[in-house]
1. With point charges of +1 on the Cβ of Lys and Arg and -1 on the Cβ of Asp and Glu, referenced to the Cα centre of the protein assembly as shown, which listed residue (B:Gly108, B:Leu89, A:Ser146) lies farthest in the positive direction of the dipole?
2. Which whole number in µm²/s is D for the stretch B:163-398 by Stokes-Einstein, with the Kirkwood Rh taken over Cα pairs at 4 °C and 1.567 mPa s?
3. Using the Karplus curve 6.51 cos²θ - 1.76 cosθ + 1.60 with θ = phi - 60°, work out ³J(HN,Hα) for each residue of the stretch A:137-144 in order, rounded to whole Hz, and write x for Gly and Pro.
4. When ranked by the protection proxy of mean other Cβ atoms within 10 Å per residue, highest first, what sequence do the peptides B:50-59, A:111-120, B:266-275 form?
5. For chain B, take the longest principal axis of its alpha carbons; what is the angle in degrees between that and the long axis of helix B:195-219, to the nearest 10 within 0 to 90?
6. Using a Gaussian network model on chain B with a 10 Å cutoff between Cα atoms, which of B:Val310, B:Val264, B:Val32 fluctuates the most?
7. Step through the residues of the stretch B:248-265 one at a time and calculate ³J(HN,Hα) from phi using the Karplus curve (6.51 cos²θ - 1.76 cosθ + 1.60, θ = phi - 60°), rounding each to whole Hz and writing x for Gly and Pro.
8. In the protein assembly as shown, what % of DSSP beta bridges are antiparallel (nearest 5)?
Amino acid sequence: MSDPAEIIISVRNLKTGYGEKVILQNINFQVRRGEVFVILGGSGCGKSTLLKNLIGLYAPMEGEIWIEGSNLVAADEDQRLLLFRKFGVMYQSGALFGSLTVLENVRLPLDELTALPGPLKELVALAKLKLVGLGAAAQKMPSELSGGMQMRAAIARAMALDPRILFLDEPSAGLDPVTSAGLDLLIKDLAHHFGITFVIVTHELASIYSIADRVIMLDSRTQTIIAEGQAAVLRDSAADPWVRRFFNREPDPVHSAKLN
Amino acid sequence: MIGNQNYEYFPFASRVKNAMTATAQNELETDVQIGADGCARVILRGRLDAQAVPACWNKLELDLRVAKLKTLEVDASGLRFCDGAGLALLRYLNMGSMTPHATVSVFGLEGGLDKIFRGFTSEDYEAFRPPSRIKCRSLPDEVGNWVRHVTSDLREQVAFLGDIATNLPPTIMDRKRMRWAEVFRIFELAGANAVPIVSLISVLVGLIIAFEAVEPLAKFGAQIYVVNMIGLVMVRELGPLLAAIMLAGRSGSAFAAEIGTMKVNEELNALETLGLDPVRFLVVQRIAAGILLTPLLTFYATFMGVLGGVLVTLGLGFPLTLIFHQLTSSVHLSDIALGAAKGVVFGAIVSAVGCLRGLQTQEGPSAVGISTTRAVVTSILLIVITDAVFSILFFVLKQ
């Protein structure tokens, strides 16, 4: 087995934004193999932009993103394709293809990118669906699934090619606490039993406490990382009062003063 | 570690151009031993990943299918790495799919892998696999469904017509509710912005018809009557039709997409719970704009079409005064009135159908696309049917 402390993603001096407008700068962090790493921040702080940079959908202004030893930012087209095989992505709403059944959704990457014999593709896809608890829903259309089931199906599709990194964009957005807790359990299971590294963008506090090994917190005022570490530690002893408020769900004093 | 070009764990890398070439450590050894007593053993060593599985599959198919086996043992103790595709191969062998009459056992999988392997059994496969899809409905069933669909759609169209009829007059009377600014916005989008494309198409259609008509008429020395023909055809038929079809393609579809997207985003629900009727708030304005602008667009299309025909006859050497005389003697005020009346009706049809299809939008990602398609198809169908009704009526009235 590989060294558990091995660094699988390393972001160095990243600066990102749209057009002339800088959203984040001076971003540095590392993700270790097998850990659940959470990117946190208030609304509009650039979490989703950072995630788009990490998964190669949107190029940053400056900096380097090393994934498994290759720099995504400087990679040419072939290297990028190679890098895309190394991670799976689950988009915010699941992004399942509406015209395909759940099974066909999971089979799609296997059909397009591998030379496996047909029956084996089906077996792999069904095994992934069983893993996320959706075996019985294999023949359903995505529109027939509940929100939580769609997220699970999206995770199964992201795992179809056995990537070692999964990026999840707000996995618990719009889910009830029970479904959300079930998803958390699945993420923990996959991380611990299969050694999959998770990078998750979320601001669901309950989820963060239960799954995150480490978090970084982005801030729109300073445009950079203002806190890094374990969620429980940051809640109790972060230096920045804004970070403590975030973890303790306290309103901004300015807002509460206005109401009073 | 950073900078270390290690692709070892990525079985699918080989599908990518310029990927690392297979090295010794990426190889899989497949050893098949078949005994005379019908007992066989497959020994797998090395990496069983998606890259190695297809070749391994082929070898096993060749070796195992031919032999009549009683038992098959798969020894996986030599596997150094196994991914989802490898486990699927082991499960496939274990289910006996390759060796129909043999009892198959897989052993020697490393602890963690074994747990994952046992996590997906042949019972799971049987329970979850897709049923063989031969669903063919009988003809009466299909016909019945179609009739039911058409009649229910017809009922909805009639109900919608009633809805508009009850909402249109009171809303137009009420200046505050009518939102004239919205009407003018749509007027500009659907009317003024359509002028260039309507010009081009009408001139070209006029030109084409004139060219096609010139030759047969020349046989009778009646080339000058091209002008009469173009005048009548454009004013009575093609002007209104061209304008309406352009409106259906450009704006009917846009209405359906706008309102459909609003429905998908629950904006229509929001309107209703705010106490605002979507028909009064969104549909009436569009229909008013359609009714106002289509006659204008019709006149314009007619003018441009006639211009196209006139250009051809001018090119043939006829003087402009003669052409003008022919036009005025053949086209009467009643023809122009008919064209305008058609414009009003077609405008109402196109905008109403666009709005109705938008309001009928269902759930799902392709719903808005389906609505826009249906808007255009239904609009054009209704336009042609109405045009036929106009022709018959006019013919009967003239008798």
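Values quoted throughout were computed directly from the atomic coordinates according to the rules given, and no laboratory measurement underlies them. Keep in mind it's a predicted model, so treat the numbers as computed, not measured. Virtual Cβ from ideal backbone geometry, glycine too; neighbours counted across all protein chains shown.
1. Looking along the dipole axis, the top candidate is A:Ser146.
2. On the way: Rh = 19.0 Å.
This corresponds to a translational diffusion coefficient of 68 µm²/s.
3. For the stretch A:137-144, the Karplus curve yields 9, 4, 8, 7, 8, x, 5, 8 Hz.
4. Details: B:50-59: 20.1, A:111-120: 16.6, B:266-275: 11.8.
Highest to lowest by the protection proxy: B:50-59, A:111-120, B:266-275.
5. 70 degrees
6. B:Val32
7. The phi angles translate into 5, x, 8, 10, x, 5, 5, 4, 4, 5, 4, 5, x, 5, 4, 5, 4, 7 Hz.
8. Numbers: 27 of 59 bridges.
So the antiparallel bridges amount to about 45 percent of the total.
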